[in-house]
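Here the structure comes first, spelled out in structure tokens, and everything after it is commentary.
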Amino acid sequence: MAKAKKAVRRAWTKDDVRTMKTMAKAKSGVAKIAKVLKRTPGATTVMAAKLGISLSMRD
């Protein structure tokens, strides 16, 4: 059997948070923000919820 790939966790930097906030304000969407930050959509959503940031694309 092949070994399972272990997830490597990276800490959120101030730049990551700043980028997420500006993209969220521009209504970019979770998938696009996650791709720019090189993180999973789930990790991006969880961190946004912790910080109280809405990632909704609605007006």
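Things worth noting here:
- Selection within the stretch 13-52 - outside any helix (DSSP H, G or I) and of a type outside the set (Lys, Arg): Thr13, Ala26, Ser28, Gly29, Thr40, Gly52
- Within the stretch 38-52, the set of residues being surrounded by 12 or more Cβ atoms within 10 Å (Cβ to Cβ) and either in contact with a strand residue (DSSP E or B) (Cβ under 6 Å, 6 or more places away or on another chain) or small (Gly, Ala, Ser) (or both) comprises Ala43, Ala48.
- Every pair of residues 6+ apart whose Cβ atoms lie under 7 Å, when the first sits in the stretch 33-59 and is closer than 17 Å to Asp15 by Cα while the second is of a type in the set (Ser, Thr, Tyr) and assigned to a loop (DSSP other than H, G, I, E, B): Ala34/Thr40
Readers should treat all values here as calculations from the given coordinates under stated rules, not as data from a laboratory. This one's a predicted model, so the numbers in the text were calculated from it and none came from an experiment. So basically every Cβ, Gly included, is an ideal-geometry build from the backbone, and we count neighbours across all protein chains shown.
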